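The values are calculated or read from the model by the stated rules, or taken from the named source; none is laboratory data. Predicted model, so just to flag it, every value in this text is computed and none were measured. For neighbour counting, all protein chains shown are included, and Cβ atoms are generated from backbone atoms with ideal geometry for every residue, glycine included.
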Amino acid sequence: ETGVTQSPTHLIKTRGQQVTLRCSSQSGHNTVSWYQQALGQGPQFIFQYYREEENGRGNFPPRFSGLQFPNYSSELNVNALELDDSALYLCASSLKPGVYEQYFGPGTRLTVT
Amino acid sequence: SQQGEEDPQALSIQEGENATMNCSYKTSINNLQWYRQNSGRGLVHLILIRSNEREKHSGRLRVTLDTSKKSSSLLITASRAADTASYFCATLGFSNQGGKLIFGQGTELSVKP
């Protein structure tokens, strides 16, 4: 157990809808990163938040957005869902950005129909 | 896009045997990390090796890094059925993109009792 929690565990949405996924970071960690993992693939970096500011973004369209709150928990929002957004969404927290170890949550499985 | 290529994609061995997985990457790195994932759940951090290190051990795990060949290997000795999982390498670069980890596509290890 890493101390990183994610909710919900599973989610089914319809194409075109919007979704919000939540992540609580490990105590003492001020950095949260989000990853998308399609079936049979490795995780792909979406973005990272450090002290409530975006601190790096991967190759994802603007309909993927995020927030980090003063308690360092975080949300991932996806608008105008597409079938290809079906994936496991993982968040990871770390002490700081950079070379520190990242601790992953159990993930949220999103299915878009 | 993924930086790492892992080899083999799948590996099936008997309990007690050793398992070796290889990872190659494309750009200069700060460190390389190995993760384990059970049945599409969250990632568990196994070991981190820095770019100035050549070998690292942790329990039954041995990781090597060859920066001249841009490759790493993970050896699991005396494997157990509980080691059955997917294994991913992930690299952290020197860019100013915080803690963006770039994952390979993974090796699926099956250890038969």
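So, in region A:20-35, of the ones that are surrounded by fewer than 18 Cβ atoms within 10 Å (Cβ to Cβ) and modelled with pLDDT of 95 or more, which residue ends up farthest from A:L95 (Cα to Cα)?
Taking the candidates together, the pick is A:T20.
Of the residues that sit in region A:89-113 and are hydrophobic (A, V, I, L, M, F, W, C) and under 15 Å from A:F47 (Cα atoms), which one is nearest to the other protein chains (Cβ to nearest Cβ)?
This residue is A:F104.
Among the residues of region B:23-38, which ones are surrounded by fewer than 18 Cβ atoms within 10 Å (Cβ to Cβ) and within 11 Å of chain A (Cβ to nearest Cβ)?
B:N30, B:N38
What number of residues within region A:33-45 are in contact with a Ser or Thr (Cβ under 9 Å, 6 or more places away or on another chain) and more than 10 Å from chain B (Cβ to nearest Cβ)?
2
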